[in-house]
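**Student:** The structure under discussion is supplied below as C-alpha cells; questions concerning it will follow.
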Amino acid sequence: MKTDTIAAIATAMSPSGIGIIRISGEDAIEITDKIYRSKNNKKKISECKSHTIHYGYIYDGDEKIDEVMVVVMRAPATYTREDTIEIDCHGGVFVMKRILETVIKNGARPAEPGEYTKRAFLNGRIDLSQAESVIDVINSKNEFALKSSLSQLNGSVLKNVKSIREVLLHEIAFIESALDDPEHISLDGYPQKLESIVNKECDEIQALLNSSDNGRILKEGINTVIVGKPNAGKSSLLNILVGEDRAIVTDIAGTTRDVLEEQINLNGITLNLVDTAGIRDTEDIVEKIGVEKAMKHATGADLIIYVIDASVQLDDNDFDIINIIKDKNSIILLNKSDLSTIVDESEVRKYIDKTILSISAKNNDGIKELEDVIKNMFFDGTVSFNDEVYITNVRHKTLLNDSLESLKLVVNSIYDDMPEDFYSIDLMNAYESLGLIIGESVEDDLMTEIFSKFCMGK
Ligand code: GDP
C-alpha cells in the first residue's frame, strides 16, 4: 500500500542559524526533484546516491527561494524506514515556512505532531515504548530525566516486559495444551507451581511500578511548596535556593499572572517551587501568611518545606500550618539560627514528628543539609540512574497495574480451586496488557510455536 508523503519543519520555529525541512515517504525524492536545482543544474536528487548531501537551490516554479543543502536518504536505512529528504536552509521562520509550503504544493502533506516517530514505529524500527521515549527525550527537563528516557530508548522497558510476557505465554500454552491433551499432559500439582511463577512475575511488575514514582519525580521534578508565617524567612530561603551558581531558574507564568512556578536544579534533581508569587510579593499579606497557600497546595505537593522563625514564639499561624502538614511529606526548618533562638527542635517535636533542621537563610547555613535531606527523602540517598528502568510514562504505569491485577486474579483462582481454564483467561489478559506497552498484540504464530513445544506428535 502506498503511504502518503509527509513534510515538516524539524527545527524550532524561531530565527536560528539553520533550519531543517524534513520530507518522508515514497514521493520524497520525486517531490524534491521538482523543487531543487543543483548549482549548475546538472544532477537531480533522484540520480544521487543514498546518504549524500548536495548543494543547490530551492525553487518555487521560477522563483528562487533559498540556497540549501539537501540530504538524500533512501529507505530503509532512515529514521522512518521510508525515503527521507532533509533540506537544510537558512533558519529564518519565513524562509522555512516558504520552503515547507513549496514542498506541500508539490505533493507532500504536513506531518502531524510525532508522525515521523509514529512511522518509525509502524515500520518496525522501534517499539512503542521506544517511540514514547523519543518524546520524553525531547521533553526531558534535566539531565537525569534524559538519562532515564535514553535508557528506555535502548529498550530496557522492552526487555523487562518481554521477558515477563514470555513466561506468561509459556504457562498459557502449557495449560491449553494440557486441557487439550489430558492423556499426555497432567496438571497434577501444577497450580502450586503456577502460583509461585505468577508471584515471581508479580514482584517483577511491582518493581517496575515502584520505580515509576521516582521516574515521575525525575522527569517532572519534585512539586514543592514553601510555607511559613510572615517574616519566617521564606523568600530569603527561596532566594538562596534559586541564587548562586547551582541554580537554574525559569519563571513559568501560569494561567493567572500571580501563579508562578520556579524550577531549581539541585545537583540534578529538579524542585518545582509552586506558587512562589506570594512569597515574592511583599505587599500581599494574606499570601505571605502561607497558611492559605499550604491548604491550597498541600494535597498536590510532593514536598512541603515549612519555615519557622526560631527567634520568636510559635503562634496560631504555626499551629494551623502544623495541622495541615502533619500527614504530608514535609521538612521543617528552624530559621534564623544566627540569632538567639527561642524555638528549638524539642519544642517543635511536641507537635509534629518530622525531619527538623536548623538553618540560617541569612548566612547560608544548613542549606547543604537541606539538599541532602531532600535527596534522602526521594531517592534513599543514592541517585543511581543508569541501570534502573524507570517507567516514566503514565500509560505504561496503567498497563502494568492492569497486568498486575490480572495476575492477582490468577492467584485467587488457584486459592479458590477454580478450573484451569480460569487461570489462562487472566494470564492472557496480563499478557495482553503488557503487550500494549510495547505495541505488540497476541501473535498467533508465537502461540502456535509454543503450543507445538507441548503438543508433541500432534
Ligand atoms: P518571609 O516573609 O517568610 O518571606 O520572610 P523574609 O524572607 O522576607 O524574611 C523576613 C525578615 O527576616 C527579613 O528581614 C530577612 O532579612 C530576615 N531573615 C530571614 N532569614 C534570616 C536568618 O536566617 N537570620 C536572620 N537574622 N534574619 C533572617
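**Student:** What's the ranking of 363-375, 22-34 by average number of surrounding C-beta atoms within 10 Å, highest first?
**Tutor:** Descending packing order for the listed peptides: 22-34, 363-375.
**Student:** Which value in nm describes the separation of the simple spin-label points at R74 and E47, placed 7 Å from the Cα toward the beta carbon?
**Tutor:** About 1.5 nm separates the two model spin labels.
**Student:** Also, quick follow-up: Let me check I've understood the local charge: for A7, count other residues with C-beta under 9 angstrom from its C-beta, Lys and Arg +1, Asp and Glu -1. What total comes out?
**Tutor:** Local charge sum for A7: +2.
**Student:** Using a 1.4 Å probe on the protein chains only, how many percent of the accessible area of the range 6-111 belongs to carbon and sulfur?
**Tutor:** 53
**Student:** Please tell me the relative contact order of the range 1-77 in percent, rounded to the nearest whole number, where contacts are Cα pairs under 8 Å and at least six residues apart.
**Tutor:** For the range 1-77, the relative contact order is 21 percent.
**Student:** Out of the GluC sites (Glu not before Pro) in the range 166-198, which ones are loop residues according to DSSP with at most 12 other C-beta atoms within 10 Å?
**Tutor:** The qualifying sites are E183.
The values are calculated or read from the model by the stated rules, or taken from the named source; none is laboratory data. The model shown is predicted, which means the values in this text are computed figures rather than measured ones. Counting neighbours? That spans all protein chains shown, and the Cβs are built from the backbone with ideal geometry, glycine included. SASA here: full protein model, heavy atoms, side chains in, ligands and nucleic acids out. Shrake-Rupley method; radii C 1.70, N 1.55, O 1.52, S 1.80 Å.
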